Structures are given as structure tokens and as C-alpha cells.
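> Encoded as C-alpha cells, here's the structure I'll be asking about.
The values are calculated or read from the model by the stated rules, or taken from the named source; none is laboratory data. Keep in mind the model is a prediction, meaning the values are calculated, not measured. Cβ placement follows ideal geometry from the backbone for every residue including glycine, while neighbour counts extend to all protein chains displayed.
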């Protein structure tokens, strides 16, 4: 059925985040973080207190029992305030993955993740894209991990990391406690977030940390697609803020004796931004709606393709409309632009997703 | 997005179209041709027998009171199949307008004519000196109180299907000395009335799907005014929102893209990354344009307020359709520049004919630039 209604629950999500975050986006502190002077973060703890970490957790496990369209609305709002925290990893690579594998067996861990008692970071989505899996070696029923994992975010906050390992040519999910995992390299993202590479060298683990996966390809692909879609939703929220910021500037800025927002060439650029945001948002939400349909993977790839193309454009149009002020560090537009670029760089490029839509030789 | 019942309807509709369209049908409907016009009447008549012309309308006016998704499927499928008989002026423009603003007399008479397939409507908005600036129209309508009639004089232009239509909804300046959007009335005309002359205009693709319509002392009863006399502007604008969803362009674009993908696989072009990437981009464009089109139609069903979605969907649908045809032309290259050759490539011929014709998409119903003005000023609140 064709229905674009924003439900009461979704309105509640929007309102709740607006009430809690509208004053938290402190450009000065975010700028300092980007310069490496602080580690300013907001969003995760507040969201945890509001119970949103358990938004897709079933009501039987004390969660909200919401669906992924609700999650996409949440991510849009989360992105609009430039919030920062391991929300996607925790919900998609943690709670969703565990629910899909065996909700009963992992009920304790799901509950802990839903109230932030434990926090997951993950490399599942990246491993799906690169097809590089950690080797699991069985030596007389002792299990060792070998391999490297790159570009892990929120490692400091996390208690555990989910990764994909390969044992006897079969994919396994590993839920590893963070302790004793060594960091091989520390990096800073464009906006000052800490990113780490990890090296696992004959890393001994307990056998019960290895989770068998039925239909593993499908689950891993779903985690990859959901992670991508969540990032796209976050980017939509960021772009909505870029548009709001741009309109505010154009309505107040005088030049040639009038508000520059009266010029048609400028108005048309704003209309284009609005069109891009609306079309991409509906594409993403529709993909989330179809999580259980066979078309899901194609819809997710189309969402990623369109997000990368159009949302990137929005940032550059916005800089052009702002003129020199948008080029400055202090104004803060660069923070939005950089976050869009970071999200664009994750989750597969155009070649990758085009091949998912149009496989060679079929 | 569509229910299993909707999909069954689509299947039946396709069977109905199969019955009438030749298997190798590659032509965009051109009702100037008698053969296409006859086909259009046949398909319309069969749709009418099943009450499918306007399935979401009330039963008393020939509809089935079905969910509007069936109307979407109808328009999109007819466009995808390039089938004649898709009455967009009647079903999608004046019909919903009459349901909203019409008198009981108008609804009974004109809506039933539409759903029985007995009428073909055309739109009398643009004039030689009034295109995008619709409020500047000068066709005059003189109201005579005694006879309760209006006498119309003026010229309308770019009037699609006027040469086949028996009805026209026309925007006329009925209040003497009024300017801009004041003093206008939306009136329903019988094209067979004395004083109406239709002059075909050949377009860029060589067809004469649109016309000039000269009106000289055309008398019409005031009971054919939609809404109040002299207060037709807002109704005329609302009608445009029914027009602007862009749903036909989605069907035409999807057909061309599907055929193009098939062409690329058959000719081993899909392995070329730049081709595969472009096809994926176009497919993604089409999917998002389609969703915005559905949303525009959905939102019109939900509320009477003016929304930006029809403007957004019109821009997206028309541009995406053109981009698909442009890429098809790029790949087909010189093949698409020959017409009527002995061993003609029907897909290539269709691509170039349609590409030329679809220049009109970004112009008619309010240009792309007008839509962007609407979005910026009414939607985003930027100052005039």
C-alpha cells in the first residue's frame, strides 16, 4: 500500500531529539575537536538515557519494538544535530545481528546493548565490502585469530567488537571483548574523531565467542545494507541542516541593496537542494521499509548511489551560496561537509553498487 | 508498495493492452494518426466497460471507489506500454478538479462522460503571449446576466489533442479591466460549439499533437463555470497540481531504461564500467523520481493544502526521462539518427523520436524553472 504517513511514534522520535539536542551542536567545541584539542561528543549518552538504544529491541526484551523506518527517522534527526557515537554499530551490527541469529540465546547481550551496559563497535560492513575476513585457526580446540582490521571507530567507548571470521571456509560471527586487542595504528578523521586499525596475531579466544551463522551471506549483506542506509539517513539529516543554515543566511544577507535570497539564480539552487533531499530521503526510507523483501539489496544500493551523488552536491552548492563566509573554519559549514564526505567514503563506491544492480554477464 | 490485489489488476490491465497493441509496438501514441486514434478509442472503451478509466472515483460517477494505487498503476502501465487511450486531461486534470469544486450538474454530466470513454478533453490555458506567466492571459469572456451566458473571444495555443477533443477546460478573463490572477474563470467548453477553430502546429518530432485554438464569439452557459465566476485562479492552479505528478514520464522513462539495459546485455556493453555505472545512476534516479511521483499523488489524496511534492516530482520525472533517453541516444549513436530506413532499428528510431518529443516535458504544465520558483518561494519561504 502506498503510504507516506509520518506516524505518531515517528513524530515522537523527532520531537524527543529536537528537545534534547537543539542546543548541543556547539560549533566552537566541534571545531576544537576537529583541530585535535578536545574529544567533544554528544548524543550517545543522551540517547541511551531516552531508551533509544533499544528502539529495535523487542518489547519482550524491554525494548521499544520499533521498525527500521522509525530507525531511519531517528538517524535523520541524529545527523541533523551532528551527534556522534556508536549508535549504528550498536543497533545494526549488535542488536539486529544478534536478534537475527538467535534472540533467545543472546537475550542478555541484547538487553545490555539496549541500555548501553555494553557497547559494540564493528567491522562487519567493511569486511563485507572488502571480502577480507579474519582467519580462525583451530589448534586442538584452541582458537586463534589472525588478520588485520582497519578504520574502526568508537574503539575507546566500545566494550566489544563484532567481526567476521573464516573457519574451515565458513563465515562466523565473532563477538570479541575489546581487552587485549592491540591497536596497530591510531588516526584522526576529517572532523577529529579517533579511528583505529587493529592487528590480531595468534589472538587466543574462547570457543563460545564464535557464532555459527545460518545463511551467513544473507545476514552479512543485510548488516552491510542496513549500515549503509543508516549512514545515508544520517547524511540526509546533515543536509537538512545545511539547507536550514543556507536559507537562514540567504534570508538575512544583503547585497546589491536587497536580500540575496531574492535572486532567482540563488533561489533555483535552493530548490535543487530541496529536491535532492526529498528524493533521496524517500528512496532511503523506502529501502528500509523493504528490509524483508527480495528487492532490499537493490534498493539499498540505489539509496547509496543517490546519496553519494546528490548529497555531496548539496554541500558544494551550499558553500557556493554562502560565499566566503562558508569557506571559513569558524562558521562551521565545513563540519557538515566533511561528515558528508566521510559517510560517502564508507560502504562501497559506484562501481561496487552498480555491479550489484547489473552483474556482469547475466 | 503495491498489494497483491494491485498486482493482479496490473496483470489484467496488461492483458487488456496485449489484446489491442501489436506485438512489436514501438511507437509513442500519436493521436493525430487515425490508426492511433481508433486504437485509443478501442482501449478506452474496454477500460470503460470494466470501470477502469478512473478506478478511484465514486461509483456514481463511473469509478470503483478503489484505493488510488490502482490509478497510479493504470497511468504508469499505459505509459510504459506506450498505449493510446490514457486520458490524462479528463481523468487526471479536470476530473479531480470537478470532484473537488464542481456542481452536481457538472459532476454528473462530465465525470460520467469521462468514465464511459465518451469524451476527450483538452486544456485551454496557454496563449500566444501567456505561457509560463499564466496570470497574464487575455482571452476574454463577456458575461451576460439576462441569458446567463459567457461569450468567449481569444486564442489559446499549445493545446494538446485539441484536434481530437470534444471538450476543453479553458481559463478566461471574465471580469473586464481585471489584471493578473483576479477576474479569471475556469469554464467547460464543448469543442463542437460554433466559433471554435483548431489549427494544428507541427512540433519538433514532426507530429502535430498540439494546436492553436481560435475562439470567436463562442457562447457557453454560465452553469459551465467551475467554482465562482471571476474566482477561477486558485482552482486553475490546483488543477495544475493534478497535472504535475509526472507519472507518465516515469512509465516512459522506465520502458526506455529497461530496453536500454536489455540492449547493453545483448551487445556485451554491460562489462564496460562507465556504461554499467551510468545505467545504475539512471535506475536510481528513476526509482527516486518514481517514489516522489507516488508521494505527490498520495499527498493530493490526503489534503487540499498546496504542497511542493507535485513540483518536485514534475522536475524529477521529466529530467530523469530525458536523461535516460539522452544516454540511450549516446549509446545508439548514429543508429538513432536514421528514420524509416529499410532495416530500421525500431528501438533506435523510438529513442530519437521520443527524445525530441520529450523536450516538451520540461516546458508544459509549468516549466522546470517555474517549478523551482514555486519550491523556493512557496516551499522554502525565500523572498520574492
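> Can you find, within segment B:187-203, the residue that is surrounded by the most Cβ atoms within 10 Å (Cβ to Cβ) among those that are without any contact (Cβ under 8 Å) to a residue 60 or more places away in the chain and assigned to a strand (DSSP E or B)?
So the residue we want is B:187.
> Can I ask one more? Just to verify a result, which residue in segment B:132-146, among those that are in contact (Cβ under 8 Å) with a residue 40 or more places away in the chain and in a loop (DSSP other than H, G, I, E, B), is surrounded by the fewest Cβ atoms within 10 Å (Cβ to Cβ)?
Across segment B:132-146, the extreme among qualifying residues is B:132.
> Also, quick follow-up: Quick check, is residue B:25 away from every other protein chain (no Cβ under 14 Å) and touching a residue at least 60 places away in the same chain (Cβ under 8 Å)?
No: the conditions fail for residue B:25.
> Away from chain B (no Cβ under 13 Å), out of contact with any strand residue (DSSP E or B) (no Cβ under 6 Å at 6 or more places or on another chain), within 20 Å of residue A:92 (Cβ to Cβ) and not in a helix (DSSP H, G or I), is that true of residue A:342?
For residue A:342, the condition - away from chain B (no Cβ under 13 Å), out of contact with any strand residue (DSSP E or B) (no Cβ under 6 Å at 6 or more places or on another chain), within 20 Å of residue A:92 (Cβ to Cβ) and not in a helix (DSSP H, G or I) - is not met.
> Determine if segment A:73-87 includes at least one residue that is exposed (fewer than 15 other Cβ atoms within 10 Å of the Cβ) and in contact with a helix residue (DSSP H, G or I) (Cβ under 7 Å, 6 or more places away or on another chain).
no
> So which residues in segment A:286-296 are facing chain B (nearest Cβ under 7 Å) and outside any helix (DSSP H, G or I)?
Within segment A:286-296, none qualify.
> Could you list, ordered by first residue, the pairs with Cβ atoms under 9 Å in which the first is in segment B:216-227 and outside the structural domain of residue B:197 (by TED's automatic domain parsing) and the second is at pLDDT below 95, at least 6 apart or interchain?
none
> Kindly provide the set of residues from segment A:309-339 that are crowded, with 18+ Cβ neighbours inside 10 Å and within 10 Å of chain B (Cβ to nearest Cβ), ordered by number.
Once the filter is applied, which keeps residues that are crowded, with 18+ Cβ neighbours inside 10 Å and within 10 Å of chain B (Cβ to nearest Cβ), segment A:309-339 yields only A:310.
> Filter segment A:170-187 down to residues that are outside any strand (DSSP E or B) and either within 24 Å of the chain's Cα centre (by Cα) or surrounded by 11 or more Cβ atoms within 10 Å (Cβ to Cβ) (or both), then give me how many there are.
2
> Moving on to the next point. Which one of these is in contact with a helix residue (DSSP H, G or I) (Cβ under 6 Å, 6 or more places away or on another chain), part of a helix (DSSP H, G or I) and more than 7 Å from chain B (Cβ to nearest Cβ): A:299, A:283?
None of the others qualify; the one that does is A:299.
> Identify, by number, the condition in (1) more than 14 Å from chain A (Cβ to nearest Cβ); (2) crowded, with 21+ Cβ neighbours inside 10 Å that residue B:318 doesn't meet.
(1)
> Residues in segment B:62-109 that are more than 16 Å from residue B:251 (Cβ to Cβ), within 21 Å of the chain's Cα centre (by Cα) and in a helix (DSSP H, G or I): how many?
12
> Working carefully through the options B:66, B:113, find the one that is within 14 Å of chain A (Cβ to nearest Cβ) and within 30 Å of residue B:7 (Cα to Cα).
Exactly one of B:66, B:113 is within 14 Å of chain A (Cβ to nearest Cβ) and within 30 Å of residue B:7 (Cα to Cα), namely B:66.
> Does any residue of segment A:66-76 turn out to be within 16 Å of residue A:233 (Cα to Cα) and part of a loop (DSSP other than H, G, I, E, B)?
Looking through segment A:66-76, at least one residue is within 16 Å of residue A:233 (Cα to Cα) and part of a loop (DSSP other than H, G, I, E, B).
> Further question on the same structure: Have a look at B:246, B:206, B:232 and point out the one that is buried (at least 16 other Cβ atoms within 10 Å of the Cβ), on the phi > 0 side of the Ramachandran plot and under 25 Å from the mean Cα position of the chain (by Cα).
The conditions single out B:246.
> For residue A:272, which of the numbered conditions (1) more than 9 Å from every other protein chain (Cβ to nearest Cβ); (2) part of a helix (DSSP H, G or I); (3) touching a residue at least 40 places away in the same chain (Cβ under 8 Å) fails to hold?
Condition not satisfied by residue A:272: (1).
> Additional query: Counting just the residues of segment A:230-262 that are touching a strand residue (DSSP E or B) at 6+ places or on another chain (Cβ under 9 Å) and at the interface with chain B (Cβ under 9 Å from one of its Cβ atoms), which one comes out surrounded by the fewest Cβ atoms within 10 Å (Cβ to Cβ)?
That would be A:251.
> If only one of B:300, B:290 is over 21 Å from residue A:307 (Cα atoms) and either part of a helix (DSSP H, G or I) or modelled with pLDDT of 95 or more (or both), which one is it?
Answer to the selection: B:300.
> May I pose another question? State the number of residues belonging to segment B:364-373 that are touching a helix residue (DSSP H, G or I) at 6+ places or on another chain (Cβ under 7 Å), more than 8 Å from chain A (Cβ to nearest Cβ) and either within 18 Å of residue B:242 (Cβ to Cβ) or modelled with pLDDT under 95 (or both).
2
> Can you list residue pairs whose Cβ atoms sit under 6 Å apart, with the first residue in segment A:18-40 being over 20 Å from residue A:188 (Cα atoms) and in the same structural domain as residue A:50 (by TED's automatic domain parsing) and the second being part of a helix (DSSP H, G or I) and at pLDDT 90 or above? Count only pairs 6 or more apart in sequence or on different chains.
A:20/A:46
> Another one. Those residues that are closer than 17 Å to residue B:18 by Cβ and either out of contact with any helix residue (DSSP H, G or I) (no Cβ under 8 Å at 6 or more places or on another chain) or without any contact (Cβ under 8 Å) to a residue 60 or more places away in the chain (or both), I need them from segment B:37-50; list them, please.
The answer is B:39, B:40, B:42, B:43, B:44, B:45, B:46, B:49, B:50.
> Might you let me know whether segment A:215-226 holds any residue that is within 14 Å of chain B (Cβ to nearest Cβ) and at negative phi?
No, segment A:215-226 contains no residue that is within 14 Å of chain B (Cβ to nearest Cβ) and at negative phi.
> Please work out which one of (1) assigned to a helix (DSSP H, G or I); (2) away from every other protein chain (no Cβ under 11 Å); (3) touching a residue at least 24 places away in the same chain (Cβ under 8 Å) is the condition residue B:258 fails and give its number.
(3)
> Oh, and also: Would you point out the residue of segment B:343-363, among those that are at pLDDT below 90 and not in a helix (DSSP H, G or I), that is surrounded by the most Cβ atoms within 10 Å (Cβ to Cβ)?
The residue in question is B:345.
> Quick one: count up the residues across segment B:261-287 that are facing another protein chain (nearest Cβ under 8 Å) and not in a helix (DSSP H, G or I).
Result for segment B:261-287: 2.
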